[in-house]
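Below is one structure; the comments refer to it alone.
The values are calculated or read from the model by the stated rules, or taken from the named source; none is laboratory data. Worth saying up front: this structure is predicted, and the values here are computed from it rather than measured. Backbone-built Cβ (ideal geometry, glycine too); neighbour counts: all protein chains shown. Quick note on the areas: whole protein, heavy atoms, side chains included, nothing else; ligands and nucleic acids left out. Shrake-Rupley method; radii C 1.70, N 1.55, O 1.52, S 1.80 Å.
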Amino acid sequence: MFHWLEKHPFFFAVGVFVTIAFAGLIEIVPNFAEASRPSIGTKPYTTLELAGRHVYIKNSCNACHSQLIRPFKAETDRYGDYSLSGEYAYDRPFLWGSKRTGPDLMRVGNYRTTDWHENHMRDPRSVVPGSIMPAYAWLFENSADVDTAYAEQVTVRDFFSVPYNQEIPMKDGSKETVVLADTLAGAQASALEEAKLVAADMKDKSVQDAVSAGQIPEIVALIAYMNSLK
Amino acid sequence: MNKLTLWGIIFAVLMLGLTWLSIGGSKGGLNDDIVNMLAVAGAIALVVISVFVVIKYVRQMQNDTATGKLADKNWDGIGEYKNELPAGWAFIFLGTMVWGMWYFLVGYPVNAYSQIGEYNQDTAAHNAKFEAKYANMDGTALVDMGEAVFLAECKVCHGLTADGIDGKAANLNQRLEAVVVKNVLVNGSNNKLLGFEFPMPTGTDLGLSASDIDEISAYIGNGLNGNEPAMFGVCAGCHGAQGEGLDGVGPQLNGFNNTLVTNILTYGKKGAIGTMPKFADRLNAKQIEAASAYVTSLSK
């Protein structure tokens with residue numbers, strides 16, 4: 001057997017590959033499968049949150065803000081519990097970021113509020129003196145793209161079995177369901193309902209008028225996304 | 001002097017010349033710069049030693065012939081000398097075996113280390129240290145700590161001077177502003193300020209007219225100074241005659257206290273201005289106590 005392998009370098013190479021690949025399979029795959037399972041309490045994004053996530057990506061927020069809290073005391077003091085891989089199960093793509101020009105936003109929904117984001121996005125220095133973040137005034141005028149968000153929801157449900165309309169276990173033992181509408185019109189309506197809840201906590205009259213008129217400014221979607229980061 | 005030495009010297013001079021140029025051309029040059037001087041000394045040593053070592057081995061390759069006792073066996077005409085393993089190598093080899101056993105069995109047994117484990121140890125050590133150092137803190141030291149907590153966690157909404165940044169959050173330099181009182185009297189309130197659900201009825205339910213509400217709001221917003229409105233008795237029933245609060249019935253109106261601030265930080269609140277998130281997960285008990293002491297001190 002070994003003499004034969006020595007005389008046939010191609011099959012020798014195949015044998016080496018199979019041996020090493022087997023070791024890799026039994027060591028890596030089970031761990032990987034376990035770690036990529038959604039954590040308890042991690043929910044898929046609603047239509048409006050996903051539209052907000054698109055706004056986040058479109059404005060390149062991830063270039064300055066990470067979404068990954070490392071297990072160091074100094075970091076968990078500031079940003080909350082360290083991140084688990086399962087918490088990114090529904091993030092496509094993940095937005096870990098690689099540089100913190102601004103603070104981490106992994107759990108920003110726990111310690112910032114709708115009206116704070118509103119003030120901060122319009123004029124960061126009005127709430128954080130010395131901040132170098134630019135103002136994002138156009139978010140108050142542009143409309144969020146709910147249709148694309150809905151398309152992504154349907155896609156991830158069909159291709160990656162993201163559990164929309166299914167019960168999801170939460171940390172306190174309760175179950176929650178993230179509803180995905182059957183039709184685009186239904187998704188638009190449910191996104192608007194969500195937007196109304198966010199807009200109710202906002203001060204900007206034009207945003208509230210727009211939402212009452214059935215439009216969803218980008219800022220509303222973005223805030224819904226920020227508030228969902230917990 | 002043969003050709004090899006000559007080339008060696010030419011090479012060494014060339015390298016040292018380049019070193020001289022690059023150091024001399026850099027900022028500061030050699031003048032009193034200890035780091036640059038050390039770098040030059042190191043460069044000279046390296047170049048000279050390398051050149052002489054290379055010359056020695058090139059000579060050896062040119063002139064040496066192999067000597068020693070050959071092993072009996074040879075492999076297709078290729079033989080091997082019988083050399084003893086140098087003692088130093090042998091001891092190092094045995095040493096690595098011993099070290100390897102120590103490493104696997106004692107030093108770092110399988111799965112003995114994890115990032116999260118280290119984090120948990122760090123956190124436990126930090127908490128123990130914090131507890132030991134600050135457990136009995138009070139007075140101005142506690143207020144100072146509270147200010148630090150405030151500047152880390154609270155100032156983004158309440159502002160550096162706790163003035164609420166032009167109405168973006170509550171002004172903590174006074175207990176209650178008239179607009180806040182009015183909002184509570186118009187809408188009622190259920191903010192767990194007592195630590196449990198105990199809703200306050202709206203002003204209308206309490207039998208107050210619109211003008212009563214305005215008068216009472218102005219009076220409380222003014223720190224309960226000035227003429228007491230006729231209908232203030234309705235408030236005093238739960239909040240005390242001077243607005244000093246009654247345990248388990250109504251929170252203090254004429255100032256902050258530890259219980260009140262602790263409850264707000266623990267449960268968050270939603271009021272006239274907006275929502276305040278809870279901070280129970282972000283601050284420990286002592287930090288909350290300190291923040292309470294600081295906020296209380298602001299309006300005194």
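Side notes on the structure shown:
- Among the candidates B:ALA272, B:ALA293, residue that is assigned by TED's automatic domain parsing to the domain that holds B:HIS158, surrounded by fewer than 19 Cβ atoms within 10 Å (Cβ to Cβ) and of a type in the set (Gly, Ala, Ser): B:ALA272
- Against the numbered list (1) open to solvent by 70 Å² or more (accessible area, probe 1.4 Å); (2) part of a loop (DSSP other than H, G, I, E, B); (3) under 24 Å from A:ASN59 (Cα atoms), A:PRO103 comes up short only at (1).
- Unmet criterion (only one of (1) exposed (fewer than 13 other Cβ atoms within 10 Å of the Cβ); (2) modelled with pLDDT under 85; (3) closer than 17 Å to B:VAL179 by Cα) for B:SER209: (2)
- Selection status of B:VAL51, in contact with a Gly (Cβ under 7 Å, 6 or more places away or on another chain) and either at pLDDT 90 or above or under 30 Å from B:TRP7 (Cβ atoms) (or both): yes
- Among residues of the stretch B:112-140, those that are at pLDDT 90 or above and assigned to a loop (DSSP other than H, G, I, E, B), counted: 0
- Residue in the stretch A:138-149 that is of a type in the set (S, T, N, Q) and more than 24 Å from A:ALA213 (Cβ to Cβ) present: no
- Filter result for the condition that a residue is assigned to a helix (DSSP H, G or I), outside the structural domain of A:HIS120 (by TED's automatic domain parsing), of a type outside the set (Phe, Trp, Tyr) and closer than 29 Å to B:ASN111 by Cα, over A:ALA74, A:ALA13, A:ALA21: A:ALA21
- Checklist (1) among the aromatic types (Phe, Trp, Tyr); (2) within 12 Å of chain B (Cβ to nearest Cβ); (3) part of a loop (DSSP other than H, G, I, E, B) applied to A:TRP116, failing item: (3)
- Scanning the stretch B:218-236 for residues that are outside any loop (DSSP other than H, G, I, E, B) and free of Cβ contacts under 8 Å to residues at least 12 places away in the same chain, we see that the one that is most open to solvent (accessible area, probe 1.4 Å) is B:GLY233.
- Applying a threshold of 7 Å to beta carbon distances and a minimum spacing of six or more residues, or different chains, the list of pairs starting in the stretch A:147-176 at a residue that is free of Cβ contacts under 8 Å to residues at least 24 places away in the same chain and ending at one that is part of a strand (DSSP E or B) and of a type in the set (A, V, I, L, M, F, W, C) reads A:LYS175/A:ILE168.
- Among the residues of the stretch A:126-142, those identified as within 11 Å of another protein chain (Cβ to nearest Cβ) and not small (Gly, Ala, Ser) are A:VAL127, A:VAL128, A:PRO129.
- Top-ranked residue of the stretch B:146-171 - restricted to ones that are open to solvent by 20 Å² or more (accessible area, probe 1.4 Å) and more than 14 Å from chain A (Cβ to nearest Cβ), ranked as nearest to B:GLY255 (Cα to Cα): B:ASN171
- Condition broken by B:GLU118, with the remaining ones in (1) surrounded by 10 or more Cβ atoms within 10 Å (Cβ to Cβ); (2) more than 30 Å from A:ASP77 (Cβ to Cβ); (3) among the charged types (D, E, K, R) satisfied: (2)
- Residue within the stretch A:103-113 that is hydrophobic (A, V, I, L, M, F, W, C) and in contact with a strand residue (DSSP E or B) (Cβ under 8 Å, 6 or more places away or on another chain) present: no
- Within the stretch A:57-100, being open to solvent by 60 Å² or more (accessible area, probe 1.4 Å) and either within 14 Å of chain B (Cβ to nearest Cβ) or under 26 Å from B:ALA169 (Cα atoms) (or both) holds for A:ARG70, A:PHE72, A:ALA74, A:ASP77, A:ARG78, A:ASP81, A:LEU84, A:SER85.
- Look at the stretch B:98-111: where a residue is part of a loop (DSSP other than H, G, I, E, B) and a partner is not charged (D, E, K, R), sitting 6+ places away or on another chain with Cβ atoms under 8 Å, you get B:VAL110/B:PHE104.
- One residue from B:GLU215, B:GLU244 being open to solvent by 40 Å² or more (accessible area, probe 1.4 Å), assigned by TED's automatic domain parsing to the domain that holds B:MET145, closer than 19 Å to B:GLN174 by Cβ and part of a loop (DSSP other than H, G, I, E, B): B:GLU244
- Boolean, A:GLN153 is open to solvent by 20 Å² or more (accessible area, probe 1.4 Å), more than 14 Å from chain B (Cβ to nearest Cβ) and of a type outside the set (Lys, Arg): no
- For the stretch A:127-141, filtering for residues that are touching a residue at least 12 places away in the same chain (Cβ under 8 Å) and not in a loop (DSSP other than H, G, I, E, B) leaves 4.
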